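The values are calculated or read from the model by the stated rules, or taken from the named source; none is laboratory data. Computed from a predicted structure; not experimentally measured. Cβ sites come from the backbone with ideal geometry, for glycine too, and all protein chains shown count toward neighbours.
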Amino acid sequence: MLKKIVFFIFFVYQIALIAEEPILVKLENIDSNEIQKFQIAQSSFYCKAYGVISIDTLYANSTDNSSCKKSVVAFYKKNPYSKYFAQNILKIKQMYHIEFKKNSCIVYAQGAKSYSELLLESGLAVVKPLFKDEEFSAKFKKAESRAKGAKLGMWKSNLLIECTVERYKK
């Protein structure tokens, strides 16, 4: 029986990777706004939001006592809803369609709209520099532009500037 389950999981992953078609998975846990844990059959795996750099990543990549880290902490204090954005959008034990792309996942959170787009629209992420994907580039740039124009999330503070300047000082 165990061999059948392992074969099934392997078979489903292979089909998903080759065909690049969305597969249905269950959300098991939310680690952060950028990383979630999903389950298919009896196997669990983590997914990182595709094509974006979130505020959580900016925080994790900054040094202790840096101006970037302080800016992120201040941002989340002023905007507690933003810190728990994933928990408010995604629901544990709910099924989601996902696609695997370049060590990341495209989670379809609201119909055809991806979770990455929702992060961008809320100003909680930026499109990765040099991001090139014909299918998603235009959608992601539009979502980011809407947040920037409406001064949502990181666009209403100097958080992105603080973190970018710090990154290039290294």
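Observations
- Some residue of segment 123-139 being out of contact with any helix residue (DSSP H, G or I) (no Cβ under 8 Å at 6 or more places or on another chain) and under 18 Å from Y81 (Cβ atoms): no
- All positions within segment 34-46 that are of a type in the set (G, A, S) and either assigned to a strand (DSSP E or B) or free of Cβ contacts under 8 Å to residues at least 12 places away in the same chain (or both): S43, S44
- Test: residue in segment 131-141 that is in contact with a strand residue (DSSP E or B) (Cβ under 7 Å, 6 or more places away or on another chain) and under 20 Å from P22 (Cα atoms): yes
Let's see how each residue does on (1) surrounded by fewer than 13 Cβ atoms within 10 Å (Cβ to Cβ); (2) acidic (D, E); (3) modelled with pLDDT of 90 or more; (4) over 19 Å from L58 (Cβ atoms):
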{"site": "H97", "(1), (2), (3), (4)": "no, no, yes, yes"}
{"site": "K102", "(1), (2), (3), (4)": "yes, no, no, yes"}
{"site": "Y108", "(1), (2), (3), (4)": "no, no, yes, yes"}
{"site": "G111", "(1), (2), (3), (4)": "yes, no, no, yes"}
{"site": "S122", "(1), (2), (3), (4)": "no, no, yes, no"}
{"site": "V127", "(1), (2), (3), (4)": "no, no, yes, no"}
{"site": "A138", "(1), (2), (3), (4)": "yes, no, yes, yes"}
{"site": "E144", "(1), (2), (3), (4)": "no, yes, yes, no"}
{"site": "K148", "(1), (2), (3), (4)": "no, no, yes, no"}
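Matching residues to (1) surrounded by 14 or more Cβ atoms within 10 Å (Cβ to Cβ); (2) over 22 Å from D133 (Cβ atoms); (3) in contact with a helix residue (DSSP H, G or I) (Cβ under 6 Å, 6 or more places away or on another chain); (4) free of Cβ contacts under 8 Å to residues at least 60 places away in the same chain:
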residue: K48; (1), (2), (3), (4): yes, no, no, yes
residue: A60; (1), (2), (3), (4): no, yes, no, yes
residue: V72; (1), (2), (3), (4): yes, yes, yes, no
residue: K83; (1), (2), (3), (4): yes, yes, yes, yes
residue: I92; (1), (2), (3), (4): no, yes, no, no
